[in-house]
Structure formats: structure tokens, C-alpha cells
Amino acid sequence: MTKARDLGDNAQNTKPKVVDAKGDLIVGTAADTAARLAVGGTNGHLLTVASGEATGLKYALDPVFDLVTTKGDIVAATAADTLTRLGVGANDTVLTAASGEATGLKWAGPASGGSLTLLSTTTLTSTSNSITIAPTGYVNLLVLFREVYAASNNGTFFGRFNADTGSNHTYGQWRKYMGGAGDFQVPQNQSSFEITNQLGTSSAYQSALSGSMDVFRVTDTSKIAFECRVLNFNDSSQAGWYHTYGNYNASAAITNLTLFGSQNLSGTVYIYGVK
């Protein structure tokens, strides 16, 4: 009769014959048959099922790591349980969803939202100055006034959209004069809107009018909003700050801005399209 202690001794005696290195595994190769599986030769390799091997196992590189070959590569799915490599894009491109691509992704230039495109530069030369605008493809307009002045003191400065002399401009305006009280006016259903009522005759940047106007959602067809902010001095060195906001109520996109006054106007106007 074989004693249990003898069986234990025999088991102990078989270990050195099968395992002889750090990390070795004892793996079955058939019924009642064991073999040594040496530890993988490279750190980070994984024990993987491999039916073609005698032990049914092997050490291999993680298949996810095996896909990437270049700095910046990423791994993306092309279907359920299916991965592929997506190479890094060019400098300054961004990863973008693209359903037409195998991975559903692509590297592309960043969206241009918020960027400015100069649409026109106009030099004011007369009492009425008409500026044509091509708003297609833009959300808003930014109008910049640079060193605007008049032929005589306390000249007026008005704006009008789409050469529309009907009653389609409604606005509110807060005015503050240096050394004096401010006031507020809300003209409704006007043929234009006031920008300032005290232009001076100096082209010096310290005196001439400077400021900006935003026109929002310029391709809408009803109640396009605008907001204008300017600062200027007249010939008596009286400063005025004008803040105007309102709506253009006609059913049309903005395609024209007319700037006019009681005297000949001078200065430069820049109009930018905003995406």
C-alpha cells in the first residue's frame, strides 16, 4: 500500500524537474500530462489562449499595444470587438466625429466658430455713405468706427439698415455728457437710429468718434438686434458716451448699412463677419 506521505514526497520530488526558472508555470498538455511554460521574455506581455501551442497558451504583446506604431497613435473601434490604429493627425488638427470614416473619427482643422472676416473697409466722405454687406455664412456683424468727425461742430451721426426709410428701427439710447447728467431716450418705429449728436471737427484720435456696433443674427428675417457703443468729443472738448441698443423689425437679412449725418462725415468704418 502506498502511503500518503510517500505520495507527498513524490510530488515534491517532481517539482524541480518541471519548474526551473522564476515565473515558470506548470501547464497541462494532455490528460495526466504536464509541461513547463516559461515566463514570457518581455515585461508587459500577457498570457493568451493559443490553440496552436502545445500547452494551449502563450505569452504575447497586448493586442491593443500591438496596434500602435507611432507617437500619437490612438486605438479606435471599427465594429463590435474590433480595434484598429488611427494615426496622429497634422499639427493643430482636432479629433472630429466623422460617420463616413471606418473608425467614425478623423483628424480635421478646428471649426472656425467666432472667427472674424473683414467684409468691407469704407472711408466716409459725404453726408450719406452707403455700405453693401454680404452676410451669407455669418451669424453676426461687428462694425468698427475709427476717427469719425463732421464738417462742422456738433454734427449728428445716424445709422440705417437696408436703406429702409420706413418705421422699422426701434431703439433705446443712454447718453452721458462730461460734466453733465445723463439721459435716456426710447425712439420707436423710426427710419434710422442715432449714434451720436455731437460730433466735432477734429480727426485727432483723442477727439474723433471711436467705438463699435454689434449686429446679431444678421440673416434672421425678423427683429434683428443691434448694440452700439461710442465715445467722442465736440469742438468744445465736451465728451459724450452713447450706448444704443435696439431692433430692426423688417423681414429681411442685413445687406446694407447707411451712415449719414447733418454735415459731411469723415473717418473709416470696418465691417467684419462673425461666424
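The values are calculated or read from the model by the stated rules, or taken from the named source; none is laboratory data. Quick caveat, the model's predicted, so the values are computed rather than measured. All Cβ positions, even for glycine, are placed from backbone atoms using ideal geometry, and neighbour counts span all protein chains on display.
Observations on the model:
- Residue match in segment 132-145 (condition: loosely packed, with under 15 Cβ neighbours inside 10 Å and under 21 Å from the mean Cα position of the chain (by Cα)): yes
- Qualifying residues in segment 109-126 (those that are of a type in the set (A, V, I, L, M) and at pLDDT 90 or above) - the one surrounded by the most Cβ atoms within 10 Å (Cβ to Cβ): 124
- Within segment 203-254, tally of residues that are of a type in the set (Ser, Thr, Tyr), at pLDDT 90 or above and surrounded by 16 or more Cβ atoms within 10 Å (Cβ to Cβ): 5
- Only one of 56, 89, 72, 100 that is surrounded by 12 or more Cβ atoms within 10 Å (Cβ to Cβ), farther than 30 Å from residue 32 by Cα, outside the structural domain of residue 132 (by TED's automatic domain parsing) and at pLDDT 85 or above: 89
- Residue 273 assigned to a loop (DSSP other than H, G, I, E, B) and either free of Cβ contacts under 8 Å to residues at least 24 places away in the same chain or not hydrophobic (A, V, I, L, M, F, W, C) (or both): no
- Residue in segment 31-38 that is surrounded by 13 or more Cβ atoms within 10 Å (Cβ to Cβ) and either modelled with pLDDT under 85 or β-branched (Val, Ile, Thr) (or both) present: no
- Residues satisfying the stated conditions in segment 192-203, i.e. in a loop (DSSP other than H, G, I, E, B) and more than 37 Å from the chain's Cα centre (by Cα): 200, 201, 202, 203
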